[in-house]
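J.: Have a look at this one.
Read-outs throughout are calculated quantities, based only on the coordinates presented, and are distinct from any laboratory measurement. Everything numeric here is computed off the predicted structure, so don't read it as measured data. Backbone-built Cβ (ideal geometry, glycine too); neighbour counts: all protein chains shown.
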Amino acid sequence: MDINELLKLAEEDKALMDKDTAHLTINLNKVVSKNIVPGLHVDTKELKDSVEVKIKVDDGVVIEKKVHLCFGVTHEKALQKIKMDIDIGKNASISVLSHCIFPKAVDVKHIMDAKINVGENASYTYEEKHIHSVDGGIEVYPKADVKLDKKAKFKTTFELVEGRVGKLDINYSVTGLKESVMELMSKVSGRGDDIIKIKEGGNLIGEKARGVLTSRVAVRDNAKAEVYNIIKATAPYARGHVDCKEIIQGNGVATAIPVVEVKHPKAHVTHEAAIGSVNSKQLQTLMARGLSEDDATDLIIEGLLS
């Protein structure tokens, strides 16, 4: 399988043919293709065992079309290390769709280390979708340190529902200044002996800063999941919420640790966590309509992760 087949698998091949759509494609630690549009700067540096990527959006620039990133590994065994430096200028806006594709992974490690700065009144939306092999022979380590200036908006979704998870260890930290908004969502489906760890932190240090951390996780067979989400509010009128829901089947094990910390009398942060098996009433209703128990369970879990 070559990189072109990976792009077709992610349904990215057509988008990358559009000259008005910015994109960057990396196979292992090599840049395969790149296209930029006015106001957007994408600089790459290939190193011996990694690649550095710097993305900058100029002040006041709105990137109209969604930017496409693709990070893939066509090998069965490999180490992919990507260092990202992202700077969204004042009053700028950009939306990114990133695919991470490892369809043949037997022993692959993917490390992503990002530093992100979203300028005053700017907006950055980042959607990351993973496609893995069915063997689970992959370790994924996404890490991000995000700074939000006044009135900046940051929204990210991490999705890993195709193929086996393998080992996943997410570590995100977001700090928001006055009237900034952060929204983090994780959707992960584990089976076999997958190991899932999600750690996300929101620091609301500016007046009227807002943040929501949402996790949706399913574990089946002998898979294990641990979700640790924390929001700290230290400024007046800061508002935050932590929301974690996990479904377990078979011998799956799930842990949810929602933490809220408030250090100002005019701040307010809430949390909720729920862990349990598939809802029996929903299961019976679907089975009454002709679905097998396994198919009905898959449909319920799909609904949780949709």
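J.: Under a point spin-label approximation (7 Å from Cα along Cα-to-Cβ), what is the residue 299-residue 162 distance to one decimal in nm?
T.: 2.3
J.: If R₀ is 41 angstrom, what is the calculated FRET efficiency for the pair residue 64 and residue 262, using the beta carbon separation as r and rounding to 0.05?
T.: Given R0 = 41 Å and the Cβ-Cβ separation, E is 0.55.
J.: Contact order normalised by length for the chain, with contacts defined as Cα pairs under 8 Å and 6 or more residues apart; what percent is it? It would help to have the intermediate numbers written out before the result.
T.: Numbers: 938 pairs, mean separation 29.2, N = 306.
Once normalised by length, the contact order is 10 percent.
J.: What is the sum of charges around residue 89, taking Lys and Arg as +1, Asp and Glu as -1, for the other residues whose C-beta is under 12 Å from the C-beta of residue 89?
T.: On the way: positive: 56, 90; negative: 58, 59, 87, 120, 149.
Summing Lys and Arg as +1 and Asp and Glu as -1 gives -3.
J.: Same structure again: Using Cα-Cα distances under 8 Å and only pairs 6 or more residues apart, what relative contact order does the range 4-142 have, in percent? Present the calculation step by step, with values, prior to reporting the outcome.
T.: Details: 353 pairs, mean separation 29.5, N = 139.
Contact order relative to length: 21 percent.
J.: So what's the back-of-envelope 222 nm ellipticity for the chain, counting only DSSP H runs of four-plus at -39500 (n - 2.57) apiece and dividing by all residues, rounded to 500?
T.: Working: 3 runs with 29 residues, N = 306.
Computed mean residue ellipticity for the chain: -2500 deg cm²/dmol.
J.: Which order do 130, 41, 241 fall in if you start with the one that has the fewest other Cβ atoms within 10 Å? Write out the running numbers ahead of the final one.
T.: Working: 130 24, 41 11, 241 18.
By the 10 Å Cβ count, ascending: 41, 241, 130.
J.: Looking at the range 189-306, what % of the alpha carbon pairs are farther apart than 25 Å?
T.: Details: 2466 of 6903 pairs.
Taking all Cα-Cα pairs of the range 189-306, the fraction more than 25 Å apart is 36 percent.
J.: If we count every other residue with Cβ under 9 angstrom of residue 123's Cβ, Lys/Arg +1 and Asp/Glu -1, where does the sum land?
T.: Working: positive: 153, 155; negative: none.
Computed value for this residue: +2.
J.: Any chance you could check the Cα centroid distance between the range 215-254 and the range 113-158 for me, in angstrom?
T.: A separation of 17 Å, based on Cα centres.
J.: For a test of understanding, tell me how many lysine pairs in the range 117-180 have Cα atoms under 13 Å apart, given they are 8 or more places apart or on different chains. Show your work: numbers first, answer last.
T.: Details: 147/155; 147/178; 150/178; 151/178; 153/178.
Number of lysine pairs found: 5.
J.: Quick one: among 221, 295, 194, which has the greatest mean-square fluctuation in a GNM of the chain with alpha-carbon springs under 10 angstrom?
T.: It is 295.
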